[in-house]
1. For residue 92, work out the one condition from (1) in a helix (DSSP H, G or I); (2) over 25 Å from residue 6 (Cα atoms); (3) in contact with a helix residue (DSSP H, G or I) (Cβ under 6 Å, 6 or more places away or on another chain); (4) touching a residue at least 24 places away in the same chain (Cβ under 8 Å) it doesn't fulfil.
2. Which of the residues that make up region 84-115 are more than 15 Å from residue 128 (Cβ to Cβ), crowded, with 16+ Cβ neighbours inside 10 Å and touching a strand residue (DSSP E or B) at 6+ places or on another chain (Cβ under 6 Å)?
3. If we scan region 72-83, do we find a residue that is in contact with a helix residue (DSSP H, G or I) (Cβ under 6 Å, 6 or more places away or on another chain), outside any strand (DSSP E or B) and surrounded by fewer than 20 Cβ atoms within 10 Å (Cβ to Cβ)?
4. Any idea which of 92, 140, 79 is on the phi < 0 side of the Ramachandran plot and at pLDDT 95 or above?
5. Please specify each residue of region 13-27 satisfying the condition of being touching a helix residue (DSSP H, G or I) at 6+ places or on another chain (Cβ under 8 Å), farther than 17 Å from residue 111 by Cα and in contact (Cβ under 8 Å) with a residue 24 or more places away in the chain.
6. Which pairs turn up if I take residues in region 107-123 that are farther than 13 Å from residue 78 by Cβ and look for partners that are part of a loop (DSSP other than H, G, I, E, B) with beta carbon separation below 9 Å, at least 6 apart in sequence or on another chain?
7. Only one of these is in contact with a helix residue (DSSP H, G or I) (Cβ under 7 Å, 6 or more places away or on another chain) and either in a helix (DSSP H, G or I) or closer than 29 Å to residue 20 by Cα (or both): 106, 139. Name it.
8. Within region 1-33, track down each residue that is farther than 11 Å from residue 48 by Cβ, surrounded by fewer than 18 Cβ atoms within 10 Å (Cβ to Cβ) and within 16 Å of the chain's Cα centre (by Cα).
């Protein structure tokens, strides 16, 4: 599944095969346990999204909530999307270095960390990364990158 049409997280999880459902649910639990106040969980872009609600920050280029992180089951892998990781070259390098120190193999795009099983994902690092950026921090990053 590349993009789900599920309207709720529960519906999204229900449509996944059992093995993927369990792995996505475990990653979701880690994200929710570490998610700073002010972010909300929603279904956006066909995946589970963690975002700044429009009520808190309506000034987005596309009229959609500002995404902080996401979790998805794709055709050949699952992925955690971490927008704060690619905010600066320094944050990307730091994340890659910390990931390498876990001993797990990193399969990463610009912001997505791909995994085939939950055992391949360093959940402690994912939790620390999620916890590290407040809504105010994300808004400052967003505004500075958009010249505001």
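The values are calculated or read from the model by the stated rules, or taken from the named source; none is laboratory data. All values derive from a computational prediction rather than experimental measurement. All Cβ positions, glycine included, derive from the backbone under ideal geometry; neighbour counts span all protein chains shown.
1. Of (1) in a helix (DSSP H, G or I); (2) over 25 Å from residue 6 (Cα atoms); (3) in contact with a helix residue (DSSP H, G or I) (Cβ under 6 Å, 6 or more places away or on another chain); (4) touching a residue at least 24 places away in the same chain (Cβ under 8 Å), only one is false for residue 92: (4).
2. 111, 112, 114, 115 - these are the residues of region 84-115 that are more than 15 Å from residue 128 (Cβ to Cβ), crowded, with 16+ Cβ neighbours inside 10 Å and touching a strand residue (DSSP E or B) at 6+ places or on another chain (Cβ under 6 Å).
3. For region 72-83, residues in contact with a helix residue (DSSP H, G or I) (Cβ under 6 Å, 6 or more places away or on another chain), outside any strand (DSSP E or B) and surrounded by fewer than 20 Cβ atoms within 10 Å (Cβ to Cβ): absent.
4. Answer to the selection: 79.
5. Result: 16, 22, 23, 24, 26.
6. 122/102; 122/103; 122/104
7. 106
8. Correct list: 2, 3, 26, 29, 33.
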